[in-house]
């Protein structure tokens, strides 16, 4: 019998298990059922064999590791990008090199998974590292022993990890699996990886970016979060049924109260005592939830995301704010090493002087906290909200700070001449980061 080599959950609601005979099985992440088995690796154009590790990155890209090399797989064209493979070492900053006596991770890794919070987890031997998508490097303080942080999973030599989104992830080794309950932070089931193995059903769209969700997908993802206690609705009343959610319907805008997701509060700086987020498109609701996961995935501990409007703004009733599809993020509060902090987009970014030749004024050397928070929010927005275009027209690469696009912020288009449209957008966004789902104005 072939041995499992790697696994990956894809944005098309499929989870793939690859074996060392260069065959793979395809599971439907929504039903949990295996759809097909023994498929040939040749269906993945450009992959030379079943990868040692395969991880979804986001923005239409995944990375496959084969020994000391890696390849970038493009979802829209369904093939490996030109110019690959490349050596792992120069591109994956911060991977352990073996200089301290441990293994050299640049020669290969055992397993990898995207946790849906702006972080990848890479595993080798008895240890793992956390890789930050925004900073494009391993976070400080790693590697860490698997057994120290992942309660109940296989402590060494993982074959694969898959996370279809939602509540459960799967760790595989030696023909066995252990299911990890993300909410409980512990293993809750285990067994053989055989013909009886199934995934727990996960709502459709759990890996897809918020900008590509249908109204029905967002509705079902919202219902899952309500059932798990992550948020509560004030209106319309949430009504569950044997076949799924009855109310709200997918097209209805909703009111979230309290204005919190998993304990992180969205505080309107224009109306700080407001106890609701109202007039909210359900696709934007999923984006708001996912932003709390990205911004709170590592230190500091986040208490509030400050904003200047989510469901309202401007005179045009058909613009993205008034239709509940946009967020103006104005700041972040929390605690770092026991000390409370506030970082304001206006005070700590927009009001900074602009020295000649400097395009992006926030600086990791002078304000590492603010830089980390604001760049994470920006990168989240380019992955989950509109970035270079609208919906499927968004194309890799996602914008970097100092460019243009649909995410607008204090250093947007810094070279745009005064009086131009881009300069006006930049001037109007000195106190917030704007992110949206869908078109700016519905005709």
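Data table
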| item | result |
| --- | --- |
| Number of positions in the range 330-351 that are more than 24 Å from the chain's Cα centre (by Cα) and without any contact (Cβ under 8 Å) to a residue 40 or more places away in the chain | 6 |
| Positions within the range 383-393 being under 16 Å from residue 208 (Cα atoms), more than 16 Å from the chain's Cα centre (by Cα) and in a loop (DSSP other than H, G, I, E, B), in sequence order | 390 |
| Those residues of the range 1-21 which are part of a loop (DSSP other than H, G, I, E, B) and either modelled with pLDDT of 95 or more or more than 19 Å from residue 192 (Cβ to Cβ) (or both), in sequence order | 3, 10, 11, 12, 13, 20, 21 |
| Count - residues of the range 214-237 that are closer than 18 Å to residue 437 by Cβ and either at pLDDT below 95 or in contact with a helix residue (DSSP H, G or I) (Cβ under 9 Å, 6 or more places away or on another chain) (or both) | 9 |
| Pick from the range 179-195, criterion part of a loop (DSSP other than H, G, I, E, B) and at pLDDT 95 or above, ranking: nearest to the chain's Cα centre (by Cα) | 182 |
| Condition check for residue 366: in a loop (DSSP other than H, G, I, E, B) and at pLDDT 95 or above | yes |
| Meets criteria (in contact with a helix residue (DSSP H, G or I) (Cβ under 7 Å, 6 or more places away or on another chain) and crowded, with 23+ Cβ neighbours inside 10 Å) for residue 73 | no |
| Residue satisfying all of: in the range 170-210; out of contact with any strand residue (DSSP E or B) (no Cβ under 8 Å at 6 or more places or on another chain), over 21 Å from residue 24 (Cα atoms) and free of Cβ contacts under 8 Å to residues at least 60 places away in the same chain; surrounded by the most Cβ atoms within 10 Å (Cβ to Cβ) among these | 183 |
| First in the range 363-381 and over 27 Å from residue 437 (Cα atoms), second anywhere and part of a helix (DSSP H, G or I), Cβ under 8 Å, 6 or more apart | 363/371; 364/371; 364/372; 367/348 |
| Hits in the range 253-292 - residues which are in a loop (DSSP other than H, G, I, E, B), in contact with a helix residue (DSSP H, G or I) (Cβ under 8 Å, 6 or more places away or on another chain) and free of Cβ contacts under 8 Å to residues at least 60 places away in the same chain | 262 |
| Residues (surrounded by fewer than 20 Cβ atoms within 10 Å (Cβ to Cβ) and within 22 Å of the chain's Cα centre (by Cα)) located in the range 118-133 | 119 |
| Selected residue (criterion: nearest to residue 396 (Cα to Cα)) from residues of the range 76-117 that are modelled with pLDDT under 95 and surrounded by 14 or more Cβ atoms within 10 Å (Cβ to Cβ) | 89 |
| Any hit, the range 415-430, residues being in contact (Cβ under 8 Å) with a residue 12 or more places away in the chain, within 19 Å of residue 380 (Cβ to Cβ), surrounded by fewer than 18 Cβ atoms within 10 Å (Cβ to Cβ) and out of contact with any helix residue (DSSP H, G or I) (no Cβ under 8 Å at 6 or more places or on another chain) | no |
| Scan of the range 239-260 for residues that are in contact with a strand residue (DSSP E or B) (Cβ under 8 Å, 6 or more places away or on another chain) and over 24 Å from residue 307 (Cβ atoms), ordered by number | 239, 240, 245, 246, 247 |
| Matching residues, the range 256-268, being surrounded by fewer than 19 Cβ atoms within 10 Å (Cβ to Cβ) and over 19 Å from residue 335 (Cα atoms) | 257, 258 |
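Residue by residue, here is whether (1) surrounded by fewer than 22 Cβ atoms within 10 Å (Cβ to Cβ); (2) not in a strand (DSSP E or B); (3) not assigned by TED's automatic domain parsing to the domain that holds residue 399 holds:
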| site | (1), (2), (3) |
| --- | --- |
| 329 | no, no, no |
| 349 | no, yes, no |
| 361 | yes, yes, no |
| 377 | no, yes, no |
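The values are calculated or read from the model by the stated rules, or taken from the named source; none is laboratory data. Note that the structure is a prediction, hence the values are computed from the model and not measured. Glycine also receives a Cβ, built like all others from the backbone with ideal geometry; neighbour counts cover every protein chain displayed.
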